Structure formats: structure tokens, C-alpha cells
Amino acid sequence: MAPGKKITARIKRTLPVRGPQAPTLSELMRWYCLNTNTHGCRRIVVSRGRLRRFLWILLTLSAVGLIIWQCAELLMNYYSASVSVTVQFQKLPFPAVTICNINPYKYSAMKDYLSELDKETKKALETFYGFSEGKSKVRRSVDEWNSSGSDFFQQIPLLKFEDFSKTVTDFHSGQKRKIEGSVFHKDSSIVNSGDSNDIIGFQLCDANNSSECALYTFSSGVNAIQEWYKLHYMNIMAQIPLETKEKLSYSADDLLLTCFFDGLSCDKRHFTRFHHPLHGNCYTFNSGENGTVLSTSTGGSEYGLQVVLYIDEADYNPFLVTSTGAKIIVHDQNEYPFIEDIGTEIEPAAVTSIGMHFTQSRKLSKPYSDCTETGADIPVENLYNKSYSLQICLHSCFQKAMVDSCGCAQYAQPLPAGAEYCNYKKNPNWMYCYYKLHEKFVKEQLGCQQICKDACSFKEWALTTSIAQWPSAVLPSASPLRTDLVNLMVFYKDLNERFISENPANTLVILLSNFGGQLGLWMSCSVVCVIEIIEVFFIDSLSIVMRRQWQKAKKWWNNRQRERSGKPPQAGDLERQGHDNPVCIDEDLPTFNTALRLPLPQESPLPRTPPPNYSTLRLETAFTEQLPDTLELGQH
């Protein structure tokens, strides 16, 4: 072998072999970690300290495990060729159905309480329209009115306005006079049977200030008299105990004749009674109070609720209600039935079929929408003992404002704690206060619409109503009872439940995915790369800055202590100062070039090479005389 090749082979055997030709597995792995683009492996090798190296090993192994798991899931989903078809028939919970007679109380049982009011109302109708029992329609003169009268017209006088002016004629006294006050006109729901130019109304004044008055006018005199009647009616009913009112209203045996649900017979035990201030005794089917909520497994009229009601039209109050039949509302078991607001009227002598579609909706709360989950964040007390709804909040807010402003509660809503219903004897000013407060409420000046919020989740039953004549006129035996019977059917048209929910368009997962996509597209970064950047540019950089600040502070403190004590600097201090030189801080060994870049001392002169001292070239002995042992050697 040539000498050059021998030297090359000897060098290869002597120098360590790196890269794919490395002789050991550990050297191969070290080379891979130092040269790979996988950030985690490189950080395992170059990290200083056992704890940091252990954390990088744990992080890298976790990332590898997640990659293997996700890839396995993707492969399994890709190669799975199975097809599954699921058919479900589910039972839908049947809603609560609340039924009320339009006439709240039996008129025959209420005559003792309403006799005086009915007498004055009848006189008003006879005077204005000529309505009279058993007589033709002939108007009476105001002079024929009994001048004795009663307190009803003194508390709320009925007035006839002349040509939209403030000149009125008092029905009770027959006198004409000028009146002052704000005029509020209400449209009529009843066709006016009198002169089209007749405007009837009444005046409400502040009991503490007679100059503060409000005039309420109606284009129909019947509507005006009926509204006037309702005010006095609520005043009377507010003074009757609840137990007495429940006896004056309709019982379940009076109202319910037959009942079927889901093809099976039912009775009054499936109904729960509750007393409504304006509708008397109402009955709720499937209220869920006993802990059981009925459900239906089949759609169609044959598998819903079928009831026949007896409304007893002959015992209706002719001054209070203007229609006959019943009123129903479909609602959830935890909701209060606001039958006076959203109830559906069903007429007698007909079968009313109500088909339902069930929809459940859910909205996201803050910051996505201004809704409330349970109403706990609304500063309004729930007076209805039911789950929160916007209507409950509005009615409770108005009732609270009524108690605070008028000193008593309105009769149509539940009583707050410690309050009582308004009546003339204790609260002579309540009617004027109520109307003024209701005016602010309608104009959204009371603040209730700003405080109350929609519920985030709610259930809704969309109703489709159809009516047919019932019973058939072919049955002569049924004709006398036709106007007293109501046939009602409530059922699911199908069992398709529609669920509407809001989902956030941007979630934390989507945000991280978008960040990862941008970093990977433009900088080829991964999660491990981001962690590495955080480690280097934040943790390590901060550590270096803090270490240098600490060294400067320590140096300043040592100099200050030295100046106070007057001691000169020690040699060890000078050596430590050399380590602070930024030129010397290098991982490599100092070279000749780096030594030349060292700063020179400021006080000492520049070192020069001294001239040669030629006298030192002479050989001089270090001893003055010859040593004895050398003499002996010389002699020999």
C-alpha cells in the first residue's frame, strides 16, 4: 500500500465516524437528532439540564402517540365499507293543555255580589241604546234615570262627548260641563249599534289632586260601558276570598263531560285545577304535578286528547263577556298558562281540531345574544312559581311597579309578598294610578322591557286549527244542547320533533386550527416549533437578560461597598471583571485574532518590546569560588 493511502486509512480509523456510517446506535441517534427537521428530537439533545430534557422527551413522545392514534382513526374510517341505517320511532311528551270557560263564574251564583252593579249597568245601556228585557229598543231620557243612583257613577262617571270636544254630558246627572285632562281613545272590538258620532267614555282623576285627570273614550258605547263594568267588577272580586271564588266558578264535573287520550278513557283525575283571576276555575290536562308526564307514540286525531265540554251559556254574565265557548292554551308543564294573552277560543256547537308541531329552540347566552338561562340574573321577582319566561318577567315587573306606585296589587296578577289587591275602600286612587302606570308600560317608559330578557331555551307548539259543525243537525235530540257543548281535539299531526339551536361560528378549536394553518403555510411551524420558539425567545432570553442584570447589580454593589471601606480592588475582582467582557464570552476557545480585539487598559501605557541587553550575553559564573567536588575531579 502506498504511504499516502496508509496515512488516510490510519486517520479514518483514528477520527470518530458520524452520520449514517456511525458504528454505534447512540451516535447514529445523536447525529439524527442534531440534523433532523423534527424540532422535538433536536431539543432533546441540545437541551441543558435533566428536567428540561425530560420535558422535551415527554412532549415529543406525546406528540408521536397522538399522531399514531389520529392516523389509525383515519385509516379505519377510510377502509370501513359498512353502511348503517337506523330507524327510530320515539314517543313525544304530550304538552299540558289548559281549558277555561270564557265565563269565569256562574252568573246565578254571583248575583248577590253584582246586583247593584248590574242594575246600574242595565240602566246605562237602556239610556244610551234603549236595550231592555222584553221591550223594544227605545232610548230612555236621562231625566227618567233614578236620581238616587249609587256610588258606581260617582267613583267613575260615564260621559258622552259631543263632536270630539271636551264638552260632555254626565249620564248620571244629565248635566253638561267642560272637563280637562289628557284624552286617550281606544278602538272598539264591538260594532257600534248607536249613532256613529256618539263617543262614550269615563274620567279618572287623582284622589289627592282633582285637577289631575285622564279621559278614556271609546268609539262604541257598549265597549265603554263594558270597560267601566270590568273596573268595578275587579274591585268587587278583589274583596271576595279565594275559597269563595272557587266555589262560585265551574267544577270539573260541571265543565267536563267526556275525555279520551291516546285511545283510552280519562276523567277529572287527569286534570289539575288552578284558579285564574280573570277566568275562574281552569283545568290543566297532563300538568305533571304528580311527577308523571304522559306521552303519545302515534300521531293523528285518534291518539290525542278528545274532550267534550259543557259551557252552560244560560248562566253567562251578559255584562262581562261578549262571546260564548271555551278558551284553551297548549304549553309546557313548567310554564304558566297566560290564557288571557295567547289563549285560543273555541266555539260551541262545533268540533275544533287542533294539530300540533313540536319545536324546541335554544339560543346561546352572552356574548352571543342577550338572553337568560334561568332568569336568576334578572332583578325582578318571579311571582308565578313557574320557570322563567319573558311574559312572566313583564307581568311581575308591572305588578311590582303597581305595588310601589299605587300601594296595592292589580287583581289580574299574583300577589307579591306583603301586598293586597286594590279596592275602593282602602285605595280610592288605584284606578287612576293603574291607568297611568299601564300607559307608561305600553310606551316602554316603565323600564320593564329594558330589564326583562328572552329565555335562552323554550318549547313551542305550532297549532293548526280546523272547525266543523257538531253535533249533526240530523240528530233532533242534540239540537237543544248544541249551543252548550264544545268538542275539542288536540293531537300531534306527526311525531317529527324539530330542534333549533345556535352554535358559535368561531370556537377555540377553530381558532387554533386557523393559527396552525397560517403558521404551517407561511413558516412551516408546528406546535413543537412554537414551544421551541417560546423556550428560546422568552425563557432563555429572559434568563440571559436577568443574569446580566444581576451581574451588573452585584458589581455595582461591590464597588459601592469598596468605596465606603476604602479598600483597593482585589486581584480576584479583576479576574471576574474579565469574564464580563463581551468579547470573551464565547463558547469557543480564544484565538489570536480575538485576543487582538481585547480592549486595552486605559491608565497603563501601551506595552513595548524592550531593547536587547547585550551585556547579558557574557558568561558569568554564579559562584564566587570553585566548589570542592569540582576541585577533586580536576585533580584526578
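Quote to one decimal, in nm, the extra length available between Ile342 and Ser543 on full extension: 0.36 nm per residue of separation minus the C-alpha distance between them.
65.4 nm
Put a dot 7 Å past each Cα toward the Cβ at Ala2 and Asp484; how far apart are the dots in nm?
Placing both labels 7 Å beyond Cα along the Cβ direction yields 13.3 nm.
State the Cα centre-to-centre distance between the stretch 249-300 and the stretch 91-119 in whole Å.
16
Mind putting together the pair-distance distribution for the stretch 279-401? All Cα pairs, 10 Å bins, whole percent per bin, short to long.
Each 10 Å bin holds this share of Cα pairs: 9, 31, 33, 21, 6, 0.
How much net charge surrounds Val168 when only other residues with a Cβ under 9 Å from its Cβ are counted (Lys, Arg +1; Asp, Glu -1)?
With Lys, Arg at +1 and Asp, Glu at -1, the neighbours total +3.
What does the charge count around Lys400 come to, taking other residues whose C-beta lies under 15 Å from its C-beta (Lys +1, Arg +1, Asp -1, Glu -1)? Present the calculation step by step, with values, prior to reporting the outcome.
Values: positive: Lys440; negative: Glu381, Asp404, Glu420.
With Lys, Arg at +1 and Asp, Glu at -1, the net is -2.
When Lys and Arg each count +1 and Asp and Glu each count -1, what net charge do the other residues less than 11 Å away from His232, Cβ to Cβ, add up to?
-4
Points 7 angstrom from Cα along the Cβ direction at Ile236 and Tyr368: gap in nanometres?
5.4
Quick one: order Lys459, Lys247 from most to least accessible surface, probe 1.4 Å.
Lys247, Lys459
Calculate, in nm to one decimal, what Glu381 and Ala314 gain on full extension: separation in residues at 0.36 nm each, minus their alpha carbon distance.
Extending this stretch completely gives an extra 20.0 nm.
Taking a probe of 1.4 Å, how large is the accessible area per residue of the stretch 304-396, in Å²?
Details: 3890 Å² over 93 residues.
So the stretch 304-396 comes to 42 Å² accessible per residue, rounded to a whole number.
The values are calculated or read from the model by the stated rules, or taken from the named source; none is laboratory data. Worth saying up front: this structure is predicted, and the values here are computed from it rather than measured. We place every Cβ from the backbone using ideal geometry, glycine too, and count neighbours over all the protein chains shown. Note: areas computed on protein heavy atoms with side chains; ligands, DNA, RNA excluded. Shrake-Rupley method; radii C 1.70, N 1.55, O 1.52, S 1.80 Å.
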